[in-house]
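Working notes for the structure below.
What follows draws every value from the coordinates through simple rules; no lab data is involved. The model shown is predicted, which means the values in this text are computed figures rather than measured ones. With ideal geometry, Cβ positions are generated from the backbone for all residues, glycine too; neighbour counts draw on all protein chains shown.
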Amino acid sequence: MATTKASSSQLHLPTLLLVVFIDFVGIGALIPILPYTVIDEFGYSETVMTALLACFSLAMFIGNPILGRWSDKIGRKPVLMGSLAVATIAHLVFAFSEHIALLFISRIVAGLAAGNIGVIQALIADNTSPEERAKFMGLLGASIGAGFVFGPALGGLLSGIGGGPLHQAPFTIAAIFTIIAFCLCLRLPKMAPIQLADKVTTSAFSRILTLISGPLGLFALAFFLLNLSFSQVEAAFVLLLKDAFSYRATDTGWIFTYVGVIIIIVEGGLIGRAVKQFGEIGTIIGGASLLMSGQIVTALTAAGLIFVATMPLAVVLICTTMICIGFAFTNPSLSSAASKAARADEMGGALGLVQGFGSLGQVIGLAMAGPLYAAGGGQLSFGTGGTIAGLMLVVVLYIGARQAKQKAA
């Protein structure tokens with residue numbers, strides 16, 4: 001027997017959205033300063049830089065299904081608060097570390113803690129109807145966008161403060177924000193663990209195989225491809241700005257602020273209207289098409305085949321807008337559609353698994369991004385991302401056709 005759904009007031013949605021916002025402030029703050037810290041100050045290559053980004057996503061991939069499953073067993077609130085406590089420590093260690101090994105370790109620990117995104121998705125899915133879920137997942141996506149607004153701006157604008165490395169001041173502030181989120185989570189009601197519909201005797205690995213082999217498997221594949229594609233933007237864009245325009249950390253921070261504003265506008269207001277008009281699958285298809293087109297246009301421009309070889313800022317912003325709108329329409333719509341394919345008593349583990357595959361795509365994408373950029377510049381990185389987005393579009397079209405066939409049967 002499943003637990004009774006909490007009311008919308010019990011959900012404390014603003015608190016959950018703030019937690020997600022803070023998670024992604026910690027991610028976003030690193031992006032504009034990483035090339036200058038790792039490459040310019042420490043003397044490492046683009047490959048090491050993207051590996052530092054990738055280790056966070058790898059840990060997030062591992063943490064998502066684990067934290068999601070724990071939240072099914074012992075409750076959402078204790079898992080969420082525990083992850084925030086761990087994230088605070090990890091941010092502080094990162095802020096005051098200058099040794100590359102400590103930087104990697106602290107980012108891995110922070111990534112494990114950031115696996116709480118699956119727990120928050122499960123909380124929202126627990127307490128919303130299928131009809132309104134896309135709207136709430138859109139607000140969740142808007143919080144991610146807000147983190148990408150404030151995070152890069154925080155990283156870029158505070159990077160010159162103090163006598164330590166560029167990342168010291170931004171991540172000290174990120175740790176303070178995480179403490180605030182922890183305190184706010186004390187307001188969340190105590191929610192009983194989800195009571196499983198039948199006694200679970202199978203291993204975790206067997207349950208994962210069962211989930212993947214069902215309808216969630218296609219959504220997990222789509223999330224994997226979405227993040228594999230978009231990770232090229234995360235890693236290559238900052239390198240492109242650095243090399244093509246000689247931008248510093250502060251300049252790059254403002255560009256990423258623009259990216260976050262676009263995501264907020266789409267996921268905070270337009271996504272609900274789009275889903276109402278075109279349905280979740282139609283919205284995903286439109287978003288995936290924009291994501292693919294924006295990356296291909298960026299690659300062709302970087303190669304000097306269209307527009308101009310010098311890539312003026314206006315062209316970069318046009319391409320970036322296409323990419324960001326495409327991602328902003330696709331990500332929350334996929335989350336909502338995936339939640340409807342999950343059983344209520346396995347919502348945390350299922351959404352954690354799907355989100356984990358997204359993190360795995362980020363891991364592989366970021367690990368690829370450095371060598372790809374070193375080998376062929378922006379045209380190779382964005383060309384690869386556009387091709388992968390095209391593969392995701394094929395998967396989503398198949399999901400749509402399959403759902404239409406099931407409805408007709």
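Data overview
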{"quantity": "Cα gyration tensor shape for the range 4-112, rounded if a/c is under 1.5, else prolate or oblate", "calculated": "prolate"}
{"quantity": "Geometric extent, Cα atoms of the range 251-323 - Rg, Dmax (angstrom)", "calculated": "14.2, 41"}
{"quantity": "Among 238-251, 48-61, the order from most to least packed when residues are scored by Cβ within 10 Å on average", "calculated": "48-61, 238-251"}
{"quantity": "Calculated FRET value between LYS276 and ILE39, using beta carbons and R₀ = 60 Å, to 0.05", "calculated": "0.85"}
{"quantity": "Cβ-defined net charge surrounding LYS242, 11 Å radius [Lys, Arg +1; Asp, Glu -1]", "calculated": "-3"}
{"quantity": "Three-way shape label, the range 220-268, alpha-carbon gyration tensor, a/c 1.5", "calculated": "oblate"}
